[in-house]
Amino acid sequence: MSILLGVIADDYTGASDVANVLRQNGLRTVQTIGVPEAGLALPETDAVVVSLKSRSVPAELAVSLSLSAEAWLRAQGAGHVMFKICSTFDSTDAGNIGPVTDALRARAGGGPVLVNPAFPETGRSVFQGHLFVNGVPLHESPLRDHPLNPMRDSNLVRVLRRQSASPVGLIPFDVVERGADAVCDALAAVPEAGSAIADAVAARHLDVLGEAALRGPLSTGASGLGAGLARALVRTRARRHDTDPAAPALADAPGDGAAAILAGSCSAATRRQIDAAAAGGIACHRLDVARLLEGGRQAVVDDALAWAASQDRTVLIASSDTPDAVRAMQQAHGGAEAGHAVEQALADIAERLVAGGLRRLVVAGGETSGAVVDRLGIRAFSVGGEIAPGVPVLRSLAGAGPALSMALKSGNFGGEDFFLRALSMLG
Ligand code: ADP
């Protein structure tokens, strides 16, 4: 089996987001957790998204992880590899978008690389190289104060130049409007075959950029460019009549058995979703986070599991709390330490529920999802239907860990009925 498209994603929930977009745009898609070990049997699939945790690690580590993902994807036959970044270009002046793009370019033979984080349908557009987030320049958006990667410059040409060893050019709006040939000519004109930030303010621009990018081996972009690449691939295959682009689904059969929801996100959206789940008849249990952080992890986990065992309906176990309560815990125990301890407690609970036969699991929170998936030892998922934008149904592949249907939700994603909707779609 040879895949058409490989994606290297710099975090897990971003990986699910692009996997969802690829599948929604007609590609059968598998999401792996890390670079698969030799011997993982992939089903027949069009695209594979390798999920890394490389967004906020030192640049050398991000480069080495990304190069091993690239080598694996090329070995599966990927003619094009996209490095999937955040649509808000999360990075510091030290990287990692520039260093990883430079290293992947060198590996792919040194040609110019198209870079585009736009996704107009979700409010991310690029005009004259400047990134706008919901109509506001990046440096005036809430990303200005991001705790890890504060974005203080909306000019992505400048941002990428500061992190790249090679030149960075601009493919402006009027060139993109003229189509894929014009974009390729502009890309070829970048000095020393460097990178070029491309403008995109409408979905049709992503189609142009996807078609242009596919003529080379490598691109860097967010889920929007993934959509453009997927649509371009599907158009090509439709012309060749060798696959039915309307039938992209891998197995979508619902799982059966007990279900649970674990929430570690404290976002306003997740807290509203918890309230809606409780009102919808789901049994809810709040972890005693203060006790957990005072050395009581084992007891808090045992209590939660004993409570879950006494319920005869779907359970929701949450550490989620208000910003004031979270701040108090962080002040008392340290932000990173508190976060890690809560994530590990939820991972303990997930591990024991699955050991007890649970087969359907919804997890809320990006870091929380990472901790749970890592603990469960799941190596790869097939990507199913969309629960909410950015959140697909995931089913673990045979031989890649316990058999589970899952949804991994970044804190802010999904409407109020997200948990009820996820449970109905997981089966
Ligand atoms: P999101 O996707 O909303 O950012 P994450 O899971 O990535 O959610 O991050 C939430 C962080 O908050 C995790 O590290 C989690 O362990 C931590 N956390 C959850 N509940 C609490 C709490 N009650 N007090 C302090 N930290 C918490």
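Data for the structure
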{"item": "Per-selection metrics, the stretch 70-197 (Cα): Rg and Dmax in Å", "result": "14.7, 42"}
{"item": "For the stretch 1-88, projected area of the alpha-carbon convex hull averaged over all directions, nm²", "result": "5.5 nm²"}
{"item": "Per-pair calculated FRET efficiency, R0 = 22 Å: Glu386 and Glu416 via Cβ, rounded to 0.05", "result": "0.85"}
{"item": "Label point 7 Å beyond Cα of Arg215 along Cβ direction - residues of the stretch 56-95 with amide nitrogen under 19 Å", "result": "79-82"}
{"item": "Accessible-area composition of the chain, carbon plus sulfur, in percent [1.4 Å probe]", "result": "52 percent"}
{"item": "Per DSSP, loop trypsin sites (Lys or Arg not before Pro) in the stretch 304-398 with at most 10 further Cβ within 10 Å", "result": "Arg313"}
{"item": "Cα-based shape type of the stretch 5-240, given that a ≥ b ≥ c are square roots of the gyration tensor eigenvalues and the cut on a/c is 1.5", "result": "rounded"}
{"item": "Cα pair distances in the stretch 285-366, grouped into 10 Å bins until the bin that holds the longest one, percent each", "result": "16, 53, 26, 5"}
{"item": "Estimated FRET transfer efficiency when R0 is 30 angstrom, pair Arg352-Asp324 (beta carbons, to 0.05)", "result": "0.45"}
{"item": "Segment Ser56-Asp185, length gained on full extension (0.36 nm per residue, minus Cα span)", "result": "43.1 nm"}
{"item": "Within the chain, longest stretch free of exposed GluC sites (Glu not before Pro) [DSSP loop, at most 14 other beta carbons within 10 Å]", "result": "45-427"}
{"item": "Accessible area per residue in Å² at 1.4 Å probe, computed on the chain", "result": "38 Å²"}
{"item": "Separation in nanometres of the label points that stand 7 Å from Cα toward Cβ, at Ala71 and Arg178", "result": "4.1 nm"}
{"item": "Sparse-neighbourhood loop sites, trypsin sites (Lys or Arg not before Pro) in the stretch 127-200 - DSSP loop, at most 16 other Cβ within 10 angstrom", "result": "Arg152"}
{"item": "Sites Ala268 and Ser2, calculated FRET efficiency, Cβ-Cβ separation with R0 41 Å, nearest 0.05", "result": "0.40"}
{"item": "Full-extension gain in nm, Asp288 to Ala336, via 0.36 nm per residue minus C-alpha separation", "result": "15.5 nm"}
{"item": "Set of the stretch 1-15 residues, backbone N closer than 20 Å to the point 7 Å along the Cα-Cβ line of Ala106", "result": "8"}
{"item": "Inter-probe distance in nm under a simple model that places probes 7 Å from Cα toward Cβ, at Arg144 and Ser310", "result": "5.0 nm"}
{"item": "Alpha-carbon spread of the chain, three principal axes, descending order, Å", "result": "66, 49, 37"}
{"item": "Additional length obtainable on full extension of the chain from Ala203 to Thr236, 0.36 nm per residue less Cα span", "result": "10.0 nm"}
{"item": "DSSP-defined beta bridges in the chain - what % are antiparallel, rounded to 5", "result": "30 percent"}
{"item": "Approximate spin-label separation Gln298-Ala193, in nm, with each point projected 7 Å along Cα-to-Cβ", "result": "5.9 nm"}
{"item": "Approximate shape of the stretch 258-426 as ellipsoid semi-axes (Cα gyration tensor, √5λ), whole Å, largest first", "result": "23, 18, 16"}
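The values are calculated or read from the model by the stated rules, or taken from the named source; none is laboratory data. Since we're looking at a predicted model, the values are computed, not measured. Glycine gets a Cβ as well: all are built from the backbone with ideal geometry, and neighbour counts include every protein chain shown. Protein only, heavy atoms only, side chains kept; ligands, DNA and RNA dropped before computing areas. Shrake-Rupley method; radii C 1.70, N 1.55, O 1.52, S 1.80 Å.
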